[in-house]
Amino acid sequence: VSRNETVQIDPASTTKIMTCILALESGKMNDDVTISDKAVRAAGQTLGLVKGETVPMSALVNAMMMYSGNDAAVAIAEHVAGDVDTFVDMMNAKAQALGMNSTHFANPSGLHDASHLTTAEDMAKLAQYAMKNQHFVSIVSQESFTLPRTDKRMEKEFRNTNYLLRKDKDAY
């Protein structure tokens, strides 16, 4: 039984599933990414990235999914597509290719925008597609991830907030 599966809603940070998939499929996971001013100025939850630092793409993707870092989402978008607007076009093209016909992405992070909409039915299609990618499964099933130190920032550990995956869940 389903309920309200076709009602359009704001996808919020579940948007990062699409950002992650496009990064994984970009062929750029072994690249180093230089963090831009635009990425550093991302609103909402961030990893605390520093302008000009260089971070491995794989680390950005892992940390973005672990801690929902909007700064990482912007940096990933810029590196994969050259700029955020082009990346958003890629997101919408991928959504259409997956049959997500009631979805429109406006940014790579999930920050509120009146035109940033999806449905539960469409997000289920995206989740099913993502879970077929073993790299995606590996990323989202981690208990924690350590973003490596750079010349501008200390290393940072991020813990998964999904208590079903955590060994220390008894502490909560």
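Quick look at the values:
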read-out: Selected residue (criterion: farthest from VAL7 (Cα to Cα)) from residues of the range 69-105 that are open to solvent by 30 Å² or more (accessible area, probe 1.4 Å) and hydrophobic (A, V, I, L, M, F, W, C); value: MET90
read-out: Every residue from the range 5-28 that is among the aliphatic types (A, V, I, L, M) and in a loop (DSSP other than H, G, I, E, B); value: VAL7
read-out: Matching entry among THR146, THR118 (being within 16 Å of TYR67 (Cα to Cα), modelled with pLDDT of 95 or more and in contact with a strand residue (DSSP E or B) (Cβ under 8 Å, 6 or more places away or on another chain)); value: THR146
read-out: Which listed residue is in a helix (DSSP H, G or I) and charged (D, E, K, R), from ASP113, ASP71; value: ASP71
read-out: Total residues in the range 141-157, condition in a loop (DSSP other than H, G, I, E, B) and out of contact with any helix residue (DSSP H, G or I) (no Cβ under 8 Å at 6 or more places or on another chain); value: 7
read-out: Every pair of residues 6+ apart whose Cβ atoms lie under 7 Å, when the first sits in the range 37-60 and is on the phi > 0 side of the Ramachandran plot while the second is at pLDDT 95 or above and not in a loop (DSSP other than H, G, I, E, B); value: GLY44/ASN70; GLY48/ARG153; GLY48/LYS156; GLY52/THR34
read-out: Qualifying residue in the range 77-94 (condition: closer than 21 Å to GLN142 by Cβ and of a type in the set (Ser, Thr, Tyr)); value: no
read-out: Top-ranked residue in the range 13-29 [being out of contact with any helix residue (DSSP H, G or I) (no Cβ under 7 Å at 6 or more places or on another chain) and open to solvent by 40 Å² or more (accessible area, probe 1.4 Å); ranked as modelled with the lowest pLDDT]; value: SER13
read-out: Scan of the range 66-118 for residues that are hydroxyl-bearing (Ser, Thr, Tyr) and more than 17 Å from ILE17 (Cβ to Cβ), ordered by number; value: THR86, SER115
read-out: Test for HIS135: is it within 16 Å of SER13 (Cβ to Cβ), in contact (Cβ under 8 Å) with a residue 12 or more places away in the chain, open to solvent by 40 Å² or more (accessible area, probe 1.4 Å) and outside any strand (DSSP E or B); value: no
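The values are calculated or read from the model by the stated rules, or taken from the named source; none is laboratory data. As the structure is a computational prediction, the values presented were derived from the model and not from experiment. All Cβ positions, even for glycine, are placed from backbone atoms using ideal geometry, and neighbour counts span all protein chains on display. These accessible areas exclude ligands, DNA and RNA; they are computed on the full protein's heavy atoms, side chains included. Shrake-Rupley method; radii C 1.70, N 1.55, O 1.52, S 1.80 Å.
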